[in-house]
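The block underneath contains the structure these notes are about, expressed in structure tokens.
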Amino acid sequence: MTEQMLRFVHTPQQTPEKRSVAERNHDFGEIYRIFQEREAARQSSRCSQCGVPFCSVHCPLHNNIPDWLKLTAEGRLEEAYEVAASTNNFPEICGRICPQDRLCEGNCVIEKGFEAVTIGAVERYITDTALERGWVKPIVPRRELDASIGIIGAGPGGMAAAEQLRRRGYQVTVYDRYDRAGGLLIYGIPNFKLEKDVVLRRRALAEASGIRFVLNCAVGQDVTLAELRARHAAVLIATGVYKPREIGGPGAGLGGIVPALDYLIASNRENLGDVVPDFASGLLDAKGKRVVVIGGGDTAMDCVRTAVRQGAASVQCLYRRDRANMPGSMREVKNAEEEGVEFVWLSAPEAFLGEANVSGVRAVRMHLGLPDSSGRQSVEPIAGSHFTLGADLVIKALGFDPEDLPVMFGDPGLEVTRWGTLRINHRSCMTNLPGVFAAGDIVRGASLVVWAIRDGRDAAKRMHEYVMEQKALPVAAE
Ligand code: FAD
Ligand code: SF4
Ligand code: SF4
């Protein structure tokens, strides 16, 4: 099947079908169905094949989007996959969970007037098809190198770097404190955005490629950074950011007030079939409860939608700014609203009510003031505007900061920025410790999967150059 390009005037935008609310609110399956071949070709044919493709410019991986859209429109799917995979290690994951409205699709030139090409959905379709048809093969390096690399963290940053280094022939070992690989892809992001088989399939491919995983291994406890440095020619730190930002105020220590990631990890583990005592005891289960989630980012959206699926009696999201100033993806806000979540905009918690367990949140209305030095409008409470929301479970989703890595790793010499993220030389991706590199959220602060992949790829390139230099060997052309 071949479609002509530039069809955006005649062919309207069509996103993959979304499962009905009645159906999806009762399970954790992904909410979008995959395109069929004909739809993917038709939607790809809407692309106007821009000379300067702003979609690619605004994709952190600079994917060759117009090329793979054209190949998809022409029915040349295997080639489309090759092009998509040449710049992205996990295109089927990005296709599912990138906030495309802020990245590629938000910058598609036909967005104004004709609605963007559905780039993410096509990217997912191409790669899911490639995986299903067996076109995605384990990595077989052209030659094996007698040099090993240690990677701390099996999230998207660490996994992307591991693949890139294995491709160059390195002996790669990935260490992670969790019992499964994937980082936030496996334990943070819920199934309704990213089913876990998709992540497990990537781990299996990595293992089949010869990448070794050492799980249940917390660096700093089970092995030191110094030991890893002695064991490997170079080490990558890709440990993400996990320290939850806290809420203070009266009653903040009451039972039933829980951090977002504890709640999401319990739900993801439960869905993976693990025994989760805090879920079984009801502490981290929203069933039958009045739930209030505090925060306005992607994590908050994942919590409210998880609570809906667990059968909460009501779910409210308290956010101190308004809809237009939310950090979370608009697509996810819309999905949450469809699923019955109530947003309480321009409101902030002041105190938590209850005896031993929380029974309510006292909040105050806010108004947006003048922009601060970062350009973001400040928020100020409106005097006398207090109100109370009933709550049996309060989930704190105010964002994450880095753990204290120099302390955690027992290596006070490791330099961090004033935000606690690792300080690297952005040209070499190396920390101040020779041969120790860093990538992903631990460098950027809480960010996106696609940026972690980009950082992992960049770090892999620089680590290769570093090892070759140490061995006084030339770096082969890419
Ligand atoms: P991580 O994915 O955090 O992986 C770090 C790994 O390091 C973990 O496996 C951890 O166990 C391991 N580790 C940490 N310390 C140690 C140690 N001492 N020893 C050994 N191992 C260690 N991004 C999107 O693009 N789209 C989304 O829809 C989206 N939704 C999100 C929802 C939630 C709830 C959260 C929390 C984040 C979301 N993000 C989303 C952000 C995204 O998940 C992260 O930006 C991305 O996972 C960062 O990748 P990373 O590899 O840097 O770190
Ligand atoms: Fe868009 Fe993300 Fe894919 Fe880039 S990786 S093309 S930003 S969906
Ligand atoms: Fe195609 Fe839009 Fe990218 Fe232009 S900006 S190449 S129309 S997807």
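Numbers at a glance
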quantity	calculated
In region 300-331, residue most open to solvent (accessible area, probe 1.4 Å) [restricted to those that are touching a residue at least 40 places away in the same chain (Cβ under 8 Å) and over 23 Å from residue 288 (Cα atoms)]	320
Residue that is over 22 Å from the mean Cα position of the chain (by Cα) and open to solvent by 20 Å² or more (accessible area, probe 1.4 Å), where the choices are 76, 96, 102, 46	76
Selection status of residue 11, over 29 Å from residue 161 (Cα atoms) and assigned by TED's automatic domain parsing to the domain that holds residue 122	yes
Residue within region 89-106 that is among the aliphatic types (A, V, I, L, M), more than 9 Å from ligand 2 (Cβ to nearest atom), in contact (Cβ under 8 Å) with a residue 40 or more places away in the chain and not in a helix (DSSP H, G or I) present	no
Test: residue 80 is more than 9 Å from ligand 3 (Cβ to nearest atom) and either outside the structural domain of residue 204 (by TED's automatic domain parsing) or touching a residue at least 12 places away in the same chain (Cβ under 8 Å) (or both)	yes
Looking only at region 191-211, and only at residues there that are farther than 15 Å from residue 128 by Cβ and open to solvent by 50 Å² or more (accessible area, probe 1.4 Å), the one that is farthest from ligand 1 (Cβ to nearest atom)	208
Odd one out for residue 148, checked against (1) more than 9 Å from ligand 2 (Cβ to nearest atom); (2) at pLDDT below 95; (3) among the polar types (S, T, N, Q)	(2)
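Yes/no matrix, rows are residues, columns are (1) part of a loop (DSSP other than H, G, I, E, B); (2) exposed (fewer than 14 other Cβ atoms within 10 Å of the Cβ):
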site	(1), (2)
240	yes, no
248	yes, yes
264	no, no
269	no, no
275	yes, yes
278	no, no
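The values are calculated or read from the model by the stated rules, or taken from the named source; none is laboratory data. Please read all numbers here as calculations on a predicted model, not as lab measurements. Note: ideal-geometry Cβ built from the backbone for every residue, glycine included; neighbour counts use all protein chains shown. Protein only, heavy atoms only, side chains kept; ligands, DNA and RNA dropped before computing areas. Shrake-Rupley method; radii C 1.70, N 1.55, O 1.52, S 1.80 Å.
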